[in-house]
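What follows is a short report on a single structure.
The values are calculated or read from the model by the stated rules, or taken from the named source; none is laboratory data. This is a predicted model, so every value here is computed, not measured. Please note: Cβ atoms are built from the backbone with ideal geometry, for glycine as well, and neighbour counts cover all protein chains shown.
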Amino acid sequence: MSPDHPDLSDAALADVTAQIAATAAEYDRTGEFPWKGVEAAHQAGLLTATVGKRFGGPGAGPRDTARILSAIGEGDASVGLLAANLLNTHAAQADRPTWPAAYYDDLLRRSESGPALANAIRAEPELGAPARGGLPKTTATRTPQGWVLDGRKAYATGGAGLAYHVVWVLAAEPDGDPDRPRVGHLIVPGDLPGITWVDTWDHLGLRASNTHDVIYDGVRLPADAFVEIPRGPDGVYRDPAAATGPGGFGHPALYIGVARAARAAFAEFARTRVPAALGKPIAETERIQAAAGEIDLQIAQAETLLHGALLRLEAGDPGFGPQLSVVKVAIARAVIAATQTAVAVLGNPGLSRHNPLERHLRDALCIRVHPPQEDAALIAAGRRLLQPF
C-alpha cells in the first residue's frame, strides 16, 4: 500500500460527493453495480483509508471514517454501503489481524490498481440476521487439506463485485464437540469455483447495492482461512452484531449523508419552484422556511450524536459503552425524520421519481435494518436500567 493519506478536507470530500452523485439516479433505476461511483471513491483514496499503518495504509480512525462515509452516502447510498462494509473490514484487520497473510496481501495488491471490495456475508434465508440469535446453517467442514464451505447466504451486499467474502459458518470437525461447535468466519476469495450468485435483490432502497443471495457448493479453502469467534465467559456464543461497538457507526454515518442529500434537494426545489398563484419561489414562504429549519435541526442532531459519541469513545469515557446502541437508534430516527419532512412538505413533487427526494427517502428508510435494530436496542437498554427484576 501507498503511505499517502487521502485528502479529507471538506472541499475534497464535496468533490467526491458530486462525482458519485452524478451517476446515482441511473444506477438506482437499473439496479446495476455502481462501478462509476465506487471508482470515484477509490480514485480519491477513500476505500483504503482504514488500512492499518502496519500494512502501509493511512490508518484512519472512526471520526475520519464517519466523515468519509457521510460524503460517499450523500452521493449515493448504495456506494456508501459498499464502502462502509469495506472500511469496516480493513479497520477490523488493522485492529486485530485475522486474515491469512496471503489473502490480505492480495486484497491490498488489488486495491492498488482498482476497487477491491470485501464484506461480511452473514444472513441466511432460514435464520435471517444473526444478531437475533441462532447459529448458521452454512458449514465449514474440516478436511486434511483445509476446509470445504457449503451453504446459502442471503442479503450479501456487493454481489459478484466482491473480491473477498467473510462468511459466517459453523465448523464441522471430526474431533470437535458436537454440543459446542466452533463458530467463525471463512475468508473466501470471490472468484473461487463453487460460488454462485442468485439475483434476489428487489428492494425499496439501496437498489444498486447488489445485496443478493449466494450459494457455496464445495468451496475449498486452506486451513488458515477459518477465523473463530470466541464464546463468552459463560460459554455461550453471542453474535458480535447484537450490540453496537466503537466501530459500529459507519452505517449511521452514510445515512446522515443521505439526509444531507435530501436537505440539498429540498432547498434546490424550494428555490426554483414558483407557483403561478404565489408569484415567487416557495423558499420565500415561512411554511417552507420552517420546514427547512426542521430538516436542518434533525440533521444537526444526528451529526452531533454521531461525532459526540465518537469523541466520548476516543476520550475513553468508561460509562458510555452501554448506550451506544440507543445512540444509533436516535441517529436513525433523526435521519428518517429529516427526509420524511422534506418529502411530506413538498407533496406530490417529493414523491415523484423526477425528484431525487423520493430516492433519498427510500434509501434513508434502510437505516432501520442494520443491527442492532430498534426494538432489540431498546429492550436491552431497558433491561439494563431495570435490573434486577
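Among the residues of region 137-147, what is the count of those that are in a strand (DSSP E or B) and crowded, with 19+ Cβ neighbours inside 10 Å? Within region 137-147, residues that are in a strand (DSSP E or B) and crowded, with 19+ Cβ neighbours inside 10 Å number 2. Against the definition (under 30 Å from Gly133 (Cβ atoms), β-branched (Val, Ile, Thr), modelled with pLDDT of 95 or more and not assigned by TED's automatic domain parsing to the domain that holds Asn85), how does Ile367 come out, yes or no? Considered against the rule, which asks whether it is under 30 Å from Gly133 (Cβ atoms), β-branched (Val, Ile, Thr), modelled with pLDDT of 95 or more and not assigned by TED's automatic domain parsing to the domain that holds Asn85, Ile367 comes out as yes. Which residues, counting only those in region 108-126, are surrounded by 15 or more Cβ atoms within 10 Å (Cβ to Cβ) and either out of contact with any strand residue (DSSP E or B) (no Cβ under 9 Å at 6 or more places or on another chain) or of a type in the set (Phe, Trp, Tyr) (or both)? Residue satisfying the conditions is Leu108 alone. Set side by side, the residues Gly59, Gly161, Gly134, Gly151 differ, and just one is of a type in the set (Gly, Ala, Ser), surrounded by fewer than 22 Cβ atoms within 10 Å (Cβ to Cβ) and either assigned by TED's automatic domain parsing to the domain that holds Asp363 or in contact with a helix residue (DSSP H, G or I) (Cβ under 6 Å, 6 or more places away or on another chain) (or both), which is Gly59.
Evaluation of Ser209 against the conditions (1) more than 30 Å from Ser78 (Cβ to Cβ); (2) assigned to a loop (DSSP other than H, G, I, E, B) shows that the sole unmet condition is (1). The condition of being without any contact (Cβ under 8 Å) to a residue 40 or more places away in the chain, closer than 23 Å to His42 by Cα, exposed (fewer than 15 other Cβ atoms within 10 Å of the Cβ) and of a type in the set (Asp, Glu) holds for only one of Asp175, Asp179, Asp191, that being Asp191. Just one of the listed residues (Asp296, Asp224) is in a helix (DSSP H, G or I), in the same structural domain as Val166 (by TED's automatic domain parsing) and at pLDDT 95 or above, namely Asp224.
Restricting attention to region 54-95, the residues that are touching a Pro at 6+ places or on another chain (Cβ under 7 Å), within 18 Å of Ala262 (Cα to Cα) and part of a helix (DSSP H, G or I) total 2.
Select from region 96-130 the residues that are in contact with a Lys or Arg (Cβ under 8 Å, 6 or more places away or on another chain), among the small types (Gly, Ala, Ser) and either in contact (Cβ under 8 Å) with a residue 40 or more places away in the chain or in a strand (DSSP E or B) (or both) and list them in ascending order. Scanning region 96-130 gives Ala116, Ala129.
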